[in-house]
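Worksheet: the structure to be examined is printed underneath.
The values are calculated or read from the model by the stated rules, or taken from the named source; none is laboratory data. The model shown is predicted, which means the values in this text are computed figures rather than measured ones. Cβ placement follows ideal geometry from the backbone for every residue including glycine, while neighbour counts extend to all protein chains displayed.
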Amino acid sequence: MSSSTLAKRLPAVKPAALLKSPWTYSLLFLLLVALLDRASFATVLGISAKALSGTIPYIVLAVALVSYLKAAGAEAMIAKAFEGREVRMIVLAALFGGLAPFCSCEVIPFVAGMLAMGTPLSAIMAFWLSSPLIDPATLLITASALGWPFAITKAVVAVGLGLLGGFSVKAVGALGLLKDPLRPQTPRSCCGCGPDPFGGRPVWAVWRFAERRQRFAEEGRINGLFLLKWLTLAYVLEGLMIHYVPAGLIANVVGGEGLGSTVLAALVGMPAYLNSYVAPPLVASLVQQGMSPGAGMAFIVAGAVSCVPAMAAVWSLVKPPIFAAYIGLGLLGAVLAGLGFQASLTLGLF
């Protein structure tokens, strides 16, 4: 086979895509260590490989869960949260947020659609804040990196933050504020989330339908590669941090158990573009080096609620008062979550 024929059969890889790929950065960081500090290469690689291999069972289970929910059309259940009285909608939206596999970017098209249909902002805010924080796959990844007490607390925080946001917006709305939330245009998702192709009610017997089996296999491939590439980068960064960043530095900045370190962790975490799969290994390395668990909780909650791309999309979607409520409630919830988790550890509840 000639080289020209082979080139035609292989998919074209754009340089821009390579620069955005987590694989590129993982290899680049390891290559830099090999070139600049060869004696440390085996140590950094060993830390990263050991952490990644320990997470593989959780990745497999997480991929299976997400693929099954997607193939079953579980997204259709979310519509039930936006039916009935406002208080009922807020509670169900906060609860169903824990099942929806949306990140802070992917939830935005859903929010835009609900706002356009006139759904109460209070219920939308409840789902908006709770959904990016947890889902079955995120729960497993968080537990593998930070332990079940941390993971379960984050799940409780997700529902609590949704309730806090929903009822806060309801109370402010009763004063005649936060009206007409939408700007004239509607943005696209910054992550590229797609709707459920099946629609209607969920079908749990996925294996009975060829198109759903195909969706299961396709989602498994997509989510498996997604998790593997991002977690590989996360664990390479963890290896670099553990080996090169002095533990005393982390402890001095965010090592305290007070309000200051928790607020700082939330402020740093929110703009960071770290999805819920990447953040747990990085937080685990920070905690190992001296960050207080409460600050780690604040960091991971704030980072899940939003990031710079999500903020940009939200800013173009809603008017400034709604944007301020979204950011303010997210930061407040992250700080309260961090303080509460640290207090529970101090009292020996975990």
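Name the residue that is modelled with the lowest pLDDT, counting only residues in segment 36-55 that are surrounded by 14 or more Cβ atoms within 10 Å (Cβ to Cβ) and among the hydrophobic types (A, V, I, L, M, F, W, C).
Out of the qualifying residues, it is Ala51.
Are there any pairs, at least 6 apart or on different chains, whose C-beta atoms fall under 6 Å, with the first in segment 133-155 and more than 19 Å from Ser285 (Cβ to Cβ) and touching a residue at least 24 places away in the same chain (Cβ under 8 Å) and the second assigned to a helix (DSSP H, G or I) and β-branched (Val, Ile, Thr), and if so, which?
These pairs meet every condition: Ala137/Val66.
Name the one entry in Ile56, Ile47 that is closer than 18 Å to Ala145 by Cβ and touching a residue at least 12 places away in the same chain (Cβ under 8 Å).
Among Ile56, Ile47, only Ile47 is closer than 18 Å to Ala145 by Cβ and touching a residue at least 12 places away in the same chain (Cβ under 8 Å).
What number of residues within segment 208-239 satisfy the criterion of being part of a helix (DSSP H, G or I), without any contact (Cβ under 8 Å) to a residue 60 or more places away in the chain, farther than 18 Å from Leu61 by Cα and more than 16 Å from the chain's Cα centre (by Cα)?
4
Could you tell me whether Ala251 is over 16 Å from Gln342 (Cβ atoms), modelled with pLDDT under 75 and either hydrophobic (A, V, I, L, M, F, W, C) or part of a loop (DSSP other than H, G, I, E, B) (or both)?
no
For residues in segment 284-303 being over 18 Å from Thr138 (Cα atoms) and aliphatic (A, V, I, L, M), which is surrounded by the most Cβ atoms within 10 Å (Cβ to Cβ)?
Ala295
Would you mind telling me which numbered condition in (1) of a type in the set (D, E, K, R); (2) surrounded by 21 or more Cβ atoms within 10 Å (Cβ to Cβ); (3) not in a helix (DSSP H, G or I) Lys179 fails?
Failing condition for Lys179: (2).
Condition first: within 10 Å of the chain's Cα centre (by Cα) and not charged (D, E, K, R). Now tell me which residues in segment 126-136 satisfy that.
Ser131, Pro132, Leu133, Ile134 - these are the residues of segment 126-136 that are within 10 Å of the chain's Cα centre (by Cα) and not charged (D, E, K, R).
For segment 114-125, give me each residue that is modelled with pLDDT of 85 or more and either within 17 Å of the chain's Cα centre (by Cα) or assigned to a loop (DSSP other than H, G, I, E, B) (or both).
Pro120, Met125
Of the residues Val91, Val33, Val13, Val66, which single one is under 30 Å from Arg215 (Cβ atoms) and modelled with pLDDT of 70 or more?
Result of the check over Val91, Val33, Val13, Val66: Val66.
Any residue at all in segment 182-197 that's at pLDDT 70 or above and either surrounded by fewer than 19 Cβ atoms within 10 Å (Cβ to Cβ) or in contact with a His (Cβ under 8 Å, 6 or more places away or on another chain) (or both)?
yes
Considering only residues that are at pLDDT below 80 and outside any helix (DSSP H, G or I), look in segment 304-339 and name the one that is surrounded by the most Cβ atoms within 10 Å (Cβ to Cβ).
Step by step, filter segment 304-339, then rank; the result is Ser306.
Take the residues in segment 94-111 that are in a helix (DSSP H, G or I) and crowded, with 21+ Cβ neighbours inside 10 Å; name whichever of them is modelled with the lowest pLDDT.
For segment 94-111, the residue satisfying everything is Pro109.
Check whether at least one residue in segment 271-283 is over 23 Å from Ala158 (Cα atoms), surrounded by 14 or more Cβ atoms within 10 Å (Cβ to Cβ) and modelled with pLDDT under 85, and report yes or no.
The answer is no, given that none of the residues of segment 271-283 is over 23 Å from Ala158 (Cα atoms), surrounded by 14 or more Cβ atoms within 10 Å (Cβ to Cβ) and modelled with pLDDT under 85.
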